[in-house]
Amino acid sequence: MLLLLMNPLPLLDFTTDPSLIHALRVVQEGGYAAAHPDLTPEEKAIIYYYTLSHDCANAIKGPIAKAGGNIAEPAGLWLQAALTRLPAHVGPVYSAEQWPAEVLQELHQREAQGEPFGTLANQHWPNFMSSSTSQRIARKILFDNLHRKNCLLTILSRTGRYIEGLSHYGSNGRYGIENEQEVLFLPHTSFRVVGLRKQTSFTEIQLVES
């Protein structure tokens, strides 16, 4: 069965990929079924799918990265459309990220010299970016042995989407109160760097959504 989320999105097949099959089944059960009743099961499923594993997230983000930020694959387009139907989260969120060494070096040099961040002040995110309302969760991800990051971001969100109720790692899953409390930013969200501080093994960066 091929299902269409909404015109003019492309068709997305929920019957061949085991992870998509699993996602569509899970979001029609328990707390997931009650969460965000204005969303269709397919819209819920693509959000759940994104959170299911690194492989699932990368299946969506990988083609976007390779295309220089262009979203052309069905799964990415569906996720983008589904997220826009959720209310925006306004407030501080936290994210562990890997920033290019040359960008960090330039930021630290300008800070040391008392110069404005200049053209580096506006960081444009071409892909989906995960964050959490919990700094503890972000710090845990920062020091993950398999996916270690070099930055801890504190972001003042204006348009991030709180997906906790639909996440594999949310309160409706088996993780309970230890959930990731995830806020997901849409591709091409812009951020303004307003401060940074060098720590021993990472850099703390403060951003405001532009």
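We did not get these values from a lab; they are worked out from the coordinates using the rules stated. Keep in mind it's a predicted model, so treat the numbers as computed, not measured. No Cβ is skipped: glycine too gets one built from the backbone with ideal geometry, and neighbour counts run over all protein chains shown.
Numbers at a glance
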quantity	calculated
FRET efficiency, 1/(1 + (r/R0)^6) with R0 35 Å, evaluated for D17 and A101 via beta carbons	0.45
Binned Cα-Cα distances of the stretch 1-85, short to long, each 5 Å bin given as a whole percent	3, 16, 26, 27, 20, 7, 2, 0
Descending semi-axes in whole angstrom, ellipsoid equivalent of the chain, from the Cα gyration tensor	32, 18, 15
Structure-based [θ]222 nm, the chain - -39500 (n - 2.57) summed over DSSP H runs of at least 4, per residue, nearest 500	-9500 deg cm²/dmol
Net charge over other residues, Cβ less than 15 angstrom from the Cβ of S201 (K, R count +1; D, E count -1)	+3
Summed residue charge, Cβ within 15 Å of P18's Cβ, Lys/Arg positive, Asp/Glu negative	-2
Net charge of Cβ neighbours under 12 Å - reference V90; Lys, Arg +1; Asp, Glu -1	+1
Estimated vicinal HN-Hα couplings, Hz - the stretch 106-115 in sequence order (Karplus 6.51, -1.76, 1.60; Gly, Pro = x)	5, 5, 5, 5, 5, 5, 4, 8, x, 8
Under DSSP loop assignment and at most 15 Cβ neighbours within 10 Å, longest chymotrypsin sites (Phe, Trp or Tyr not before Pro)-free interval of the chain	1-142
HN-Hα J in Hz across the stretch 58-73 - Karplus 6.51, -1.76, 1.60, θ = phi - 60°, x for Gly and Pro	5, 5, 8, 6, x, x, 5, 5, 5, 8, x, x, 7, 9, 10, 6
In Hz, Karplus ³J(HN,Hα) per residue of the stretch 140-146 (6.51, -1.76, 1.60; θ = phi - 60°; x = Gly, Pro)	4, 5, 4, 9, 4, 5, 8
Chain lengthening between H188 and T159 when straightened (0.36 nm per residue, less Cα-Cα)	9.3 nm
Restricting the stretch 22-110 to GluC sites (Glu not before Pro) in coil, as DSSP defines it, with at most 16 other Cβ within 10 Å	E29
